[in-house]
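> My questions will all concern the structure given below.
The values are calculated or read from the model by the stated rules, or taken from the named source; none is laboratory data. The structure displayed is predicted, hence computed values, not measured ones. Note: ideal-geometry Cβ built from the backbone for every residue, glycine included; neighbour counts use all protein chains shown. Areas reflect the complete protein model, heavy atoms only, side chains present, ligands, DNA and RNA absent. Shrake-Rupley method; radii C 1.70, N 1.55, O 1.52, S 1.80 Å.
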Amino acid sequence: MALHWALDLGRQILQVIRAKPKVQRMRAHEVWQHTFLMLSFIVLVISGFALRFSEGWITQWFFGWDYGFRFRGQLHRYAAILFILTTIWHAAYLITTKRGREFFRDMIWNLTDLKQLWQKTKYNLGYTSEHPAFDRFSYVEKIEYWALLWGTAIMILTGLLLWFDNWFVQFLPKGVLDVALVVHYWEAWLATLAIFIWHFYSTIFSPSVYPMNPSWLTGHMPEKMYSHEHPGHLRKAIREEKRMLQKELDELAHLRAQNGSNGE
């Protein structure tokens with residue numbers, strides 16, 4: 001039964017990936033940023049919770065072998081390095097590229113997001129039949145992104161304090177390191193639950209995108225899916241495309257008129 005449904009799910013995912021027409025959501029380097037973030041996060045979660053729940057079955061499954069626990073610590077640190085490097089890469093992308101600056105600007109909260117949050121709540125409760133027309137990023141994605149930035153800053157800061165505790169204890173009271181351990185642990189829980197509850201629903205389990213939003217793999221979304229998730233941005237893109245096409249037609253007509261007046 002599991003094999004049957006695995007094959008069925010795989011086929012549906014393949015159909016979503018191949019669906020046309022498509023809308024580009026992410027460029028190749030943005031897909032790689034997400035990939036490195038995803039991989040490092042998963043490894044950090046598994047190896048990090050293995051320290052706290054060392055007797056759990058999942059810990060024994062991953063690290064219940066000779067030198068497995070020592071390997072767990074090394075793996076956690078290597079994943080942390082990848083996570084930090086990906087964060088630096090993303091920060092450089094935001095600062096040094098035009099698209100990065102546009103991305104950051106589009107991620108800033110505004111009054112429209114609050115209105116759409118209220119409209120979405122009324123829609124879900126059945127008080128209105130009008131679904132909010134989300135732009136490039138909805139309030140859902142903005143909440144997740146800013147939570148990611150906040151959580152990343154906390155996890156990197158507390159993680160470095162715990163990693164180099166023998167050095168920091170020379171300058172900081174031991175109580176600071178104890179607090180850092182508590183904050184690191186509970187922020188890890190918050191980040192993990194945010195992924196499972198908030199991110200997975202909006203990108204996998206929501207009926208409008210199931211079996212998944214394929215942009216994390218290919219950088220593209222089917223236009224039909226995009227028109228449901230970001231109709232405001234799609235309409236804006238279509239208007240811009242029509243405007244550019246009309247501009248090209250006007251320039252061509254102008255050239256033809258000039259050539260006609262010159263007897264050519």
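> Placing +1 at every Lys and Arg Cβ and -1 at every Asp and Glu Cβ, with all other atoms neutral, what dipole size does the chain have around its Cα centre, in debye to the nearest 20?
380
> When the dipole is taken about the Cα centre of segment 173-264, and only Lys, Arg (+1) and Asp, Glu (-1) are charged at their Cβ, what size is it in debye, to the nearest 20?
With Lys and Arg at +1 and Asp and Glu at -1, about 180 debye.
> Identify, among 91, 192, 17, the residue whose Cα sits farthest towards the positive end of the charge dipole of the chain, taking +1 on the Cβ of Lys and Arg and -1 on the Cβ of Asp and Glu, with the dipole about the Cα centre.
Result: 17, furthest along the dipole toward the positive end.
> Residue by residue, what Karplus-based ³J(HN,Hα) values in Hz, rounded to whole numbers, does segment 158-165 have, using 6.51, -1.76 and 1.60 with θ = phi - 60° and x for Gly and Pro?
Once θ is set to phi - 60°, the couplings for segment 158-165 become 5, x, 5, 4, 6, 5, 10, 5 Hz.
> A follow-up question, please. Which pairs, out of 120/142; 142/242; 120/242, put more than 19 Å between their alpha-carbon atoms?
Check vs 19 Å cut-off fails for 142/242; 120/242.
> Just tell me which lysines come within less than 28 Å, Cα to Cα, of residue 247; anything on the same chain fewer than 8 places away is out.
In chain and number order, the partners are 20, 22, 98, 224, 236.
> Give me, ordered by chain and number, the residues 5 or more places off residue 22 or on other chains with an amide H under 5 Å from its own placed amide H.
Here 223 satisfy the definition.
> If the only charges are +1 at each Lys and Arg Cβ and -1 at each Asp and Glu Cβ, what is the size of the charge dipole of segment 53-116 around the Cα centre, to the nearest 20 debye?
Charge dipole of segment 53-116: 300 debye, to the nearest 20.
> While we're here: Using DSSP to define loop residues, name the chymotrypsin sites (Phe, Trp or Tyr not before Pro) in segment 158-225 whose beta-carbon has at most 10 other beta-carbon atoms within 10 Å.
Passing sites in segment 158-225 are 164, 171.
> Another one. With θ taken as phi - 60° and the coefficients 6.51, -1.76 and 1.60, list the Karplus ³J(HN,Hα) couplings across segment 82-94 in order, rounded to whole Hz; mark glycine and proline as x.
Taking θ as phi minus 60°, the curve returns 4, 4, 5, 5, 5, 5, 5, 4, 5, 5, 5, 4, 5 Hz for segment 82-94.
> Sticking with this one: Along the three principal axes, how long is the chain when you take its alpha carbons, biggest first, rounded to the nearest angstrom?
86, 53, 41
> Per residue, how large is the accessible surface of segment 66-119? Use a 1.4 angstrom probe and give square angstrom.
69
> Rounded to the nearest percent, how much of the accessible area of segment 68-156 (1.4 Å probe, protein heavy atoms only) is carbon and sulfur?
Heavy-atom surface of segment 68-156 belonging to carbon and sulfur, 1.4 Å probe: 67 percent.
> Next question. Have a look at 182, 73, 40 and report the one farthest towards the positive end of the charge dipole of the chain, computed about the Cα centre with Cβ charges (Lys/Arg +1, Asp/Glu -1).
Among 182, 73, 40, the one farthest towards the positive end of the dipole of the chain is 40.
> Related question: What list of whole percents do you get for P(r) of segment 1-77, with Cα-Cα distances grouped in 5 Å bins up to the one holding the largest distance?
Values per bin, smallest distances first: 3, 13, 14, 12, 12, 14, 15, 11, 5, 2, 0.
> Projected onto the charge dipole of the chain (+1 at Lys/Arg Cβ, -1 at Asp/Glu Cβ, origin at the Cα centre), which of 252, 156, 207 gives the Cα projection farthest towards the positive end?
252
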